[in-house]
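A short worksheet on the structure shown next.
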Amino acid sequence: MRKPKFDTFKSLSRRKSIQFLIIIAILYLFLVSFEIPFLFRSGFAAVPSLSHELNSEQDLVKNVSPVRPLEQSISSKNNRIVSGLVFLDTLFDSSSEDSFSELQKSAKDAWVVGKKYWEELESGKVLIFKEKNFPKNLSETCKSSISLTGLDFRRNGSILVLPCGMTLGSHITVVGQPNPAHVEYTPKIRLVQDESQAVMVSQFMLELQGLKTVDGEDPPRILHLNPRLKGDWSGKPVIEQNTCYRMQWGSALRCEGWRSRADEETVDGQVKCEKWIRDDDNHSEESKTTWWLNRLIGRTKKVTVDWAFPFVEGKLFVLTLSAGLEGYHINVDGRHITSFPYRTGFTLEDATGLSIIGDIQVHSLFAASLPTTHPSFAPHQHLNMSSRWKAPSLPDGPVELFIGILSAGNHFAERMAVRKSWMQSTLIRSSKVVARFFVALNVRKEVNVELKKEADFFGDVVIVPFMDSYDLVVLKTVAICDYGINTISAKYIMKCDDDTFVRVDAVILEANKVPEGKSLYVGNINYYHKPLRSGKWAVTYEEWPEEIYPPYANGPGYILSSDIAKFIVSQFKKHKLRLFKMEDVSMGMWVEQFSNTTSVEYLHSLNFCQFGCIEDYLTAHYQSPRQMICMWEKLQRQGKPLCCNMR
């Protein structure tokens, strides 16, 4: 009897649910019928259009999700990787007849070509170079041994190429014959009092070079072995060993015929210098006296073997260079002659070429126990694409110091070493100090592809879009000044190179020695320097007609106040800035011009080290990537500036 009542209740519930759904449907149709005519009448004006905003992520953020004006401005500054310096055709007027027209013409041509390269790069037309020239295979296979005759060696430009460098146990054997001494009137290894005085010279240089560690510049000398049979300043036969990085020589090791001291460190248990017979110690009066004294007191004479200087004019020799655990070892005719400890700048795998030049006839060469594989030498492989090394965002307000770092497009290893070393200082990571690399475009388009990728990822590279060359480095200096006053507002602006190690906190303290509010120019300042009129770095009278340069700070590191930077940029925009190919001299010239109307405090300090590293340095120049890391680790562990002077 109760079952029908339950069915009746269930039927009523279903009917009410259906009625509720019908009411909802009618309400929906009513709203839709009201909304559609409204959209047609308004032409979709009431709906935000995203059709053109999607071309840019920044535009999408700006129109759809507005932010405060300050945040929007800072974001655009952080994302800009191209210098804001404006280059105009009229700026470089090559039709003028003044003495600087050639440099102006070069600058104009470099800007025109660079602009074209940059437009191609942004359009993506050169991406093919990336796949073509930078293969994914990160290793190359090499022979374990190489042999060359003397004729083949000379045909190869007196270079023995070691494709994968050297490794522990590698050795190179050279069979050669020193040439007879010849007359030189201006020998570099000996000073002459009179230019007409002749000096007999016989010497040769054997060098391990880093052929693949650089591009477009002189390769570093990882080992420089220089036997001097005749012509040394001492007047005696010597063997000198050294290293050289970016034309900066390290401390030489000279073997002059005396055995290394007993308390001097050894290299794999071998002394650095062995003894050989010298003209001034054989059968001398002192040795005769000692012999008679020993005979009178009955002391047993110790039998010694005296060896002659290992190289003789016109006589064949067999030299073997081997790589040990702690350094290089040189044996001649089966006898150990000298050992040279490894220096921090480079490793065995960097030694990819052996050069032999000078007064010598090379008969044959043989290299063995060489590594058969080596990581790719593509420069961009040095980049560590980790967010840990990304630059912090630019600060909202002004900063005390902006550091502009001059770099070349293919100096990937140098920039990575700076990021991992002094750019990790607290002042930079907290954005109280800002540092940026300033790089022009490379003639190799594949390098520019990797450079743009690097700039986009790390956010610390500012590309100045002209074709790079040594004579036009001065334009990057102007770009540094422009960035320091227009992109950010810095109290001081510092310029340095990518092989300069900077103690950021100490540099600021040095600048603060100048009273507040005064214009300043701080660095290792040269006074009354004269242009070199001959040689590799010669300056012609057309380039610089004056007899002396104005006071200028050495280029590897100097600081100037923001008012001087503003003056430089203003003069540049007015087409009144005189350009000279030596950027540090140019800066001195501009500061001198500024000082005609405003007093400038010149602060000189030798601790802005021009040649290598010294104790208590503020900046240290010519530091290789490995030395950068070494110096930073020492600074962090020991809390004081210590050099890694092992070049």
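Laid out as a table, the results:
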read-out	value
Separation in nanometres of the label points that stand 7 Å from Cα toward Cβ, at Ser145 and Ala252	3.7 nm
Length released on extending from Asp505 to Thr597, taking residue separation times 0.36 nm less the Cα-Cα span	30.0 nm
Distance in nm between pseudo-label sites at Ser570 and Leu316 (7 Å out along the Cβ direction from Cα)	7.6 nm
Zone of Ala368's modelled label, taken as backbone nitrogen in segment 148-166 under 15 Å from a point 7 Å along Cα→Cβ	148
Residue pairs, from the table Lys495/Lys576; Lys116/Lys452; Lys390/Lys453; Lys390/Lys634; Lys230/Lys315; Lys420/Lys513, whose Cα atoms sit over 20 Å apart	Lys495/Lys576; Lys390/Lys634; Lys420/Lys513
Glu274, Glu547, Glu256 arranged by Cβ crowding within 10 Å, fewest neighbours leading	Glu547, Glu256, Glu274
Fraction of antiparallel bridges per DSSP, segment 493-647 only, in percent to nearest 5	60 percent
Which of His329, His529, His411 has the fewest Cβ neighbours within 10 Å, and the rest in rising order	His529, His329, His411
Segment Ile26-Glu264, length gained on full extension (0.36 nm per residue, minus Cα span)	75.6 nm
Separation in nanometres of the label points that stand 7 Å from Cα toward Cβ, at Arg429 and Asn384	1.3 nm
Modelled FRET efficiency - R0 45 Å, Asp456 with His604, Cβ distances, 0.05 increments	0.65
Ranked Phe311, Phe317, criterion: other C-beta atoms within 10 Å, fewest first	Phe317, Phe311
Per-residue ³J(HN,Hα) for segment 168-174, Karplus 6.51 cos²θ - 1.76 cosθ + 1.60, θ = phi - 60°, Hz, x for Gly and Pro	4, x, 5, 8, 10, 10, 10
Full-extension gain in nm, Glu547 to Glu122, via 0.36 nm per residue minus C-alpha separation	148.5 nm
Zone residues, segment 236-271, relative to Asp218, backbone N less than 11 Å from point 7 Å out along Cα-to-Cβ	244-249
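Computed from the coordinates by the stated procedures, all read-outs in this text should not be read as laboratory data. Since the structure is predicted, the reported quantities are computational estimates derived from the model, not experimental observations. Reconstructed Cβ throughout: ideal geometry from the backbone, glycine too, with neighbour counts over all protein chains shown.
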